[in-house]
1. I'm told LYS22 meets every condition in (1) modelled with pLDDT under 90; (2) touching a strand residue (DSSP E or B) at 6+ places or on another chain (Cβ under 9 Å) except one. Can you identify the failing condition by its number?
2. Please go through segment 43-101 and give me each residue that is closer than 29 Å to ASN119 by Cβ and among the basic types (Lys, Arg), ordered by number.
3. Step by step: first the residues of segment 86-118, then only those that are surrounded by 17 or more Cβ atoms within 10 Å (Cβ to Cβ) and closer than 14 Å to ARG43 by Cβ, then the one that is nearest to the chain's Cα centre (by Cα). Which residue is that?
4. Among the residues of segment 120-161, how many are within 19 Å of the chain's Cα centre (by Cα), surrounded by 13 or more Cβ atoms within 10 Å (Cβ to Cβ) and not in a helix (DSSP H, G or I)?
5. Considering segment 54-68 alone, what residues qualify as being outside any loop (DSSP other than H, G, I, E, B) and surrounded by 17 or more Cβ atoms within 10 Å (Cβ to Cβ)?
6. Scan segment 157-181 for residues that are over 12 Å from TYR129 (Cα atoms) and either outside the structural domain of ASN194 (by the TED database) or of a type outside the set (A, V, I, L, M, F, W, C) (or both) and jot them down.
7. Quick test for you: out of TYR115, TYR163, TYR120, TYR141, pick the one residue that is in contact (Cβ under 8 Å) with a residue 60 or more places away in the chain and more than 21 Å from GLU58 (Cα to Cα).
8. Please verify whether GLN191 is out of contact with any His (no Cβ under 9 Å at 6 or more places or on another chain), part of a helix (DSSP H, G or I) and loosely packed, with under 15 Cβ neighbours inside 10 Å, treating the condition exactly as stated.
Amino acid sequence: MEPREEEDYVHVRPQEESDNEKNDNLLAWEKGFKFDIPEFHGRQTTVELLEWIVTVEETLEFKRVPLDRCVPLIAMRFRGRAAAWWTRLKTSRARLGRPKISSWDKLKKKMLKTYLPFNYNRVMSQRLYMLRQGEGSVDEYVNEFNSLLTLVDQNDSDQHIVYRFIRGLREKIREPVKLLKPLTIAEAYQQALNVEAQTKDDFWTDVVDGL
């Protein structure tokens, strides 16, 4: 039996996903989202909004949601004022002939612009700039620093963020850490902890020697 020539074979293209299949897949994602992402009502505080956004982004990454499915799935979690806002936004864009919002980044920018207070980013940036360790521990300082950092829309380099962190440390901790020249916040934090521990040891040594 002679082998068949390549042209004798029928090349079958894989069928594109049908509308029903797309809807079924979207429904499957949506069911998972119900357990992973809380509803958004548009009444949350600023901190709650930002925490909600973090939850969304972590879920999108963990579940590897296809980019073209992100916005519909997220919008399914809108309720009350948020749902009304989303409907108005879609209607307005359609009336003006603008394209649909199809990316999470675009939707997030719209949400931040709508729900964050005026001058919020500038106020948070100032708080971060003025933050100092004072009499608190390194752990207390780094927790406050990281909290503010997540609330600020900033484009600073990693180097500048490390500089900000070191600048806010208490002087007896700041100067030794500067000499070590850490490259990341994690390095600066660990070095600050070490210096803090050494400072405490030196203090108690002086106390014991004075007895």
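The values are calculated or read from the model by the stated rules, or taken from the named source; none is laboratory data. This structure is a prediction, so every number in the text was calculated from the model and none was measured. With ideal geometry, Cβ positions are generated from the backbone for all residues, glycine too; neighbour counts draw on all protein chains shown.
1. (2)
2. Once the filter is applied, which keeps residues that are closer than 29 Å to ASN119 by Cβ and among the basic types (Lys, Arg), segment 43-101 yields ARG43, ARG77, ARG79, ARG81, ARG88, LYS90, ARG93, ARG98.
3. MET111
4. Total satisfying the criteria: 3.
5. Those that are outside any loop (DSSP other than H, G, I, E, B) and surrounded by 17 or more Cβ atoms within 10 Å (Cβ to Cβ): VAL56, THR59, LEU60.
6. SER157, ASP158, GLN159, ARG170, GLU171, LYS172, ARG174, GLU175, PRO176, LYS178, LYS181 - these are the residues of segment 157-181 that are over 12 Å from TYR129 (Cα atoms) and either outside the structural domain of ASN194 (by the TED database) or of a type outside the set (A, V, I, L, M, F, W, C) (or both).
7. TYR120
8. No; evaluated as a whole, the condition is false for this residue.
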